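> Here you go, one structure.
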Amino acid sequence: ACKMNKDAQMRATINQKLIETGERERLKELLRAKLIECGWKDQLKAHCKDVIKEKGLEHVTVDDLVAEITPKGRALVPDSVKKELLQRIRTFLAQHASL
């Protein structure tokens, strides 16, 4: 339990530093742009439309839709985008090694 607590504490510290420096917003913008660029957003929009067509608009709640598309959304993020974000985070951490 102690290690899990330490990991959670470290994540919170890193997240706080990302927020304070504005890097979290920059990473979110980068991610948004990359997902649009690779067609991810359009693929997900099409999937939403399919789910709504299949179940009928009156039978689908926002929660249903989120539950239905989240796994597919995660799976559709290209590895290249994940790697680029991870590299940016690693670089950020290296620059803020005092964490």
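The values are calculated or read from the model by the stated rules, or taken from the named source; none is laboratory data. The shown structure was predicted, so the numbers you read here are calculated from the model rather than taken from an experiment. We place every Cβ from the backbone using ideal geometry, glycine too, and count neighbours over all the protein chains shown. To get the accessible areas, we keep the full protein, side chains included, count just its heavy atoms, and leave off ligands, DNA and RNA. Shrake-Rupley method; radii C 1.70, N 1.55, O 1.52, S 1.80 Å.
> What percentage of the solvent-accessible surface of the range 1-96, computed with a 1.4 Å probe over protein heavy atoms, is contributed by carbon and sulfur atoms?
56 percent
> Add -39500 (n - 2.57) for each DSSP H run of 4 or more in the chain, then divide by its residues: what number comes out at 222 nm, to the nearest 500 deg cm²/dmol? Walk me through the intermediate numbers first.
Values: 5 runs with 83 residues, N = 99.
The helix-only estimate for the chain comes to -28000 deg cm²/dmol at 222 nm.
> Which whole-angstrom value gives the distance between the alpha carbon centres of the range 73-89 and the range 3-36?
Cα centroid of the range 73-89 versus Cα centroid of the range 3-36: 14 Å apart.
> So what's Rg/Rh here for the chain, counting alpha carbon atoms and using the Kirkwood radius for Rh?
Rounded to two decimals, Rg over Rh is 1.10.
> Hey, another quick one. Out of TRP40, ALA97, GLN16, whose Cα points farthest toward the positive end of the dipole of the chain (charges: +1 Lys, Arg; -1 Asp, Glu; placed on Cβ)?
ALA97
> What nm value, rounded to one decimal, do you get for the distance between ARG74 and LYS3 when each label is placed 7 Å out toward the C-beta?
With each label placed 7 Å out from Cα toward Cβ, I get 2.2 nm.
> OK, next. Pairs LYS45/LYS82; LYS53/LYS82; LYS45/LYS83; LYS6/LYS28; LYS55/LYS82; LYS41/LYS72: which exceed 22 Å Cα-Cα? Please list the in-between numbers first.
Numbers: LYS45/LYS82 20 Å; LYS53/LYS82 31 Å; LYS45/LYS83 24 Å; LYS6/LYS28 25 Å; LYS55/LYS82 32 Å; LYS41/LYS72 12 Å.
As for pairs spanning more than 22 Å Cα to Cα, those are LYS53/LYS82; LYS45/LYS83; LYS6/LYS28; LYS55/LYS82.
> Expected output is a single nm value to one decimal: the length gained when fully extending between ILE19 and HIS96, i.e. 0.36 nm times separation in residues minus the C-alpha distance. What is it?
Result for the pair: 26.4 nm of gain on full extension.
> For the pair LEU57/LYS45, report the inter-label distance in nm, with labels modelled 7 Å from Cα in the Cβ direction.
1.7 nm
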